[in-house]
Amino acid sequence: MIIPHSRPMIDADDIEAVKEVLASGHIAQGERVREFETKFAGFVGTKYATAVSSGTSAIHLALKSLGVGRGDEVIMPSYVCSSPYMAALHAGALPRIVDISDSDFNIDVRATRRSITSNSKAIIVPHMFGCPADVDELLEFGVPLIEDCAHSIGAEYKGKKVGTLARVSVFSFYATKIMTTGEGGMILTNEPEIHDKLREMREYDGRSLDITRYNYKMTDMEAALGTSQLRKLPNFITRRRHLASLYSERLSQSKVVLPTTSSYKKPVYYRYIILADQMEALRTSLRNMGVMCERPVSVPLHTSFPPIECPKSNYVYQRALSIPLFPALTDDEANYVIESLTLSLKKFE
Ligand SMILES: *Cc1c(COP(=O)(O)O)cnc(C)c1O
């Protein structure tokens, strides 16, 4: 048995939805994009939505919509992919990297407070692996937040969906995310001024030489897939939570550290992260049994130049392993993951 680390869940409805757009003759940004924006904003619960080409272009435009530019500082956690880092640099800003918290894999509130200066213009807050960050504490600093919900569509914080908690929020629909359009992203806000700026920057104006604009549009093919996937999103999330509870139950006696959360956070388990002292050996052993696991973050941002002290991020980086969890994973496959993991850990005793 070979169990991949991740696999998108595409069914006949998804294929039909894309086929229809292809046959219609209108494949670039049009009605299907509008429809997807409306439905997505409806699901998360904001007034406005702007669909774009990727999560990275979403962060870039979100930063620009808040007026972030040259000389400004953008705070972000170390333990995240390079996308927010790149987006801040593309906006002309300086990324300020801070450590993560003890309790989960999210940005640390106290470290954030210490890194705020008069140049801080935004804090990018990824809800890592589907678990909400401590947004209320972060909002108290008065620096605008950008919620990065690439891992966490549908997750809840104190009874509210993530993506509704800050002035702007961004999403990614890359192939292996919670739901997919192949490549794609979304920016949500309740502020009309921000929304207008985003719409303007998303496409270039053919009649002027305005260099403050980009071509970050989504296609109608992608949007049709997005709308079709959105219909199944509640089922995807239910399935992810079921698999996570199966793992947590069956691995509770093992020697690895399992994910934890607070009662007021409802994660969607984009990833199931375990911490193990012999992570690399464990990963190899699992691979030999056909269970593909990954390091959830391959280059933590504090290793950028010049390197920054982030002991917690470093600790997690050396031990974290993401085990297969995706809606298409069957219970039998999940049980095989559990058995392989248990057998592998026995070898190290
Ligand atoms: C995937 C991801 C992004 C970037 O999204 P792309 O669509 O790949 O550009 C940004 N932030 C986080 C936390 C992500 O997981």
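Of everything in the stretch 171-196, what is part of a strand (DSSP E or B) and within 19 Å of Pro296 (Cβ to Cβ)? Give them in sequence order.
Here is the first cut: in the stretch 171-196, the residues part of a strand (DSSP E or B) are 171-172, 174, 182, 185-189.
Scanning the stretch 171-196 gives Phe171, Ser172, Tyr174.
Got at least one residue in the stretch 57-72 being crowded, with 20+ Cβ neighbours inside 10 Å, without any contact (Cβ under 8 Å) to a residue 60 or more places away in the chain and away from the ligand (no atom under 14 Å from the Cβ)?
Yes, the stretch 57-72 has at least one match.
Go through (1) surrounded by 21 or more Cβ atoms within 10 Å (Cβ to Cβ); (2) at pLDDT below 95 for Pro8 and report which single condition fails.
Condition not satisfied by Pro8: (1).
Would you confirm whether any residue within the stretch 155-162 is closer than 18 Å to Pro77 by Cα, out of contact with any Ser or Thr (no Cβ under 9 Å at 6 or more places or on another chain) and assigned to a loop (DSSP other than H, G, I, E, B)? Explain how you work it out, then say what you get.
Residues of the stretch 155-162 closer than 18 Å to Pro77 by Cα: 162.
With out of contact with any Ser or Thr (no Cβ under 9 Å at 6 or more places or on another chain) added as a condition, the list becomes none.
No, that holds for no residue.
Criterion first (out of contact with any helix residue (DSSP H, G or I) (no Cβ under 6 Å at 6 or more places or on another chain), surrounded by fewer than 24 Cβ atoms within 10 Å (Cβ to Cβ) and assigned to a loop (DSSP other than H, G, I, E, B)) does Asp210 satisfy it? Quick ask: steps written out before the conclusion?
Values: out of contact with any helix residue (DSSP H, G or I) (no Cβ under 6 Å at 6 or more places or on another chain): yes; surrounded by fewer than 24 Cβ atoms within 10 Å (Cβ to Cβ): yes; assigned to a loop (DSSP other than H, G, I, E, B): yes.
Taking the combined requirement at face value, the residue satisfies it.
A quick yes/no check of all residues on (1) under 30 Å from Thr238 (Cβ atoms); (2) away from the ligand (no atom under 16 Å from the Cβ); (3) not in a loop (DSSP other than H, G, I, E, B):
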position: Val268; (1), (2), (3): yes, no, no
position: Ile274; (1), (2), (3): yes, yes, yes
position: Ser285; (1), (2), (3): no, yes, yes
position: Val299; (1), (2), (3): no, no, no
position: Phe305; (1), (2), (3): no, yes, no
position: Ile308; (1), (2), (3): no, yes, no
position: Lys312; (1), (2), (3): no, yes, yes
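Suppose we keep only residues that are without any contact (Cβ under 8 Å) to a residue 40 or more places away in the chain and not basic (Lys, Arg) within the stretch 97-110. Which one would you say is surrounded by the fewest Cβ atoms within 10 Å (Cβ to Cβ)? Quick ask: steps written out before the conclusion?
Step one: list which residues in the stretch 97-110 are without any contact (Cβ under 8 Å) to a residue 40 or more places away in the chain, which gives 106-107, 109-110.
Then drop every residue that is not not basic (Lys, Arg), which leaves 106-107, 109.
Details: Asn106: 23, Ile107: 27, Val109: 18.
Checked the stretch 97-110; the qualifying residue surrounded by the fewest Cβ atoms within 10 Å (Cβ to Cβ) is Val109.
Looking only at the stretch 12-32, decide whether some residue is assigned to a strand (DSSP E or B) and either touching a residue at least 40 places away in the same chain (Cβ under 8 Å) or away from the ligand (no atom under 15 Å from the Cβ) (or both). Walk me through how you get there before you give the answer.
The initial filter retains those residues of the stretch 12-32 that are assigned to a strand (DSSP E or B), namely none.
No, there is no match, as no residue in the stretch 12-32 is assigned to a strand (DSSP E or B) and either touching a residue at least 40 places away in the same chain (Cβ under 8 Å) or away from the ligand (no atom under 15 Å from the Cβ) (or both).
So the check is Cβ under 7 Å with 6+ separation or different chains; which pairs have a first residue in the stretch 34-45 that's touching a residue at least 24 places away in the same chain (Cβ under 8 Å) and a second one that's β-branched (Val, Ile, Thr) and part of a helix (DSSP H, G or I)?
From the stretch 34-45, the pairs are Glu35/Thr227; Phe36/Thr227; Lys39/Thr227.
Does Leu246 satisfy being in a helix (DSSP H, G or I), in contact with a Leu (Cβ under 9 Å, 6 or more places away or on another chain) and buried (at least 17 other Cβ atoms within 10 Å of the Cβ)?
Values: in a helix (DSSP H, G or I): yes; in contact with a Leu (Cβ under 9 Å, 6 or more places away or on another chain): no; buried (at least 17 other Cβ atoms within 10 Å of the Cβ): yes.
No.
In the stretch 73-101, how many are β-branched (Val, Ile, Thr) and within 10 Å of the ligand (Cβ to nearest atom)?
Here the count works out to 1.
Where residues in the stretch 161-178 are over 25 Å from Lys121 (Cβ atoms) and surrounded by fewer than 24 Cβ atoms within 10 Å (Cβ to Cβ), which of them is nearest to the ligand (Cβ to nearest atom)?
Here is the first cut: in the stretch 161-178, the residues over 25 Å from Lys121 (Cβ atoms) are 161, 173-178.
In the following step, the residues that additionally are surrounded by fewer than 24 Cβ atoms within 10 Å (Cβ to Cβ) were identified as 161, 174-177.
Details: Lys161: 17, Tyr174: 4, Ala175: 9, Thr176: 8, Lys177: 6 Å.
The extreme case among them is Tyr174.
Just give me the residues in the stretch 116-151 being within 14 Å of the ligand (Cβ to nearest atom) and either out of contact with any helix residue (DSSP H, G or I) (no Cβ under 9 Å at 6 or more places or on another chain) or at pLDDT below 95 (or both), in sequence order.
Correct list: Met128, Phe129, Cys131, Pro132.
So which residues in the stretch 163-174 are touching a strand residue (DSSP E or B) at 6+ places or on another chain (Cβ under 6 Å) and closer than 22 Å to Arg239 by Cβ, if there are any at all?
The answer is Gly163, Phe171, Ser172.
Return the only residue of Ser6, Ser82, Ser54 being farther than 23 Å from Phe236 by Cα and of a type in the set (Gly, Ala, Ser). If you could, list the steps in order and put the result at the bottom.
On the way: Ser6 fails: farther than 23 Å from Phe236 by Cα; Ser54 fails: farther than 23 Å from Phe236 by Cα.
Answer to the selection: Ser82.
The values are calculated or read from the model by the stated rules, or taken from the named source; none is laboratory data. Because the structure is a prediction, the values reported are computed rather than measured. Virtual Cβ from ideal backbone geometry, glycine too; neighbours counted across all protein chains shown.
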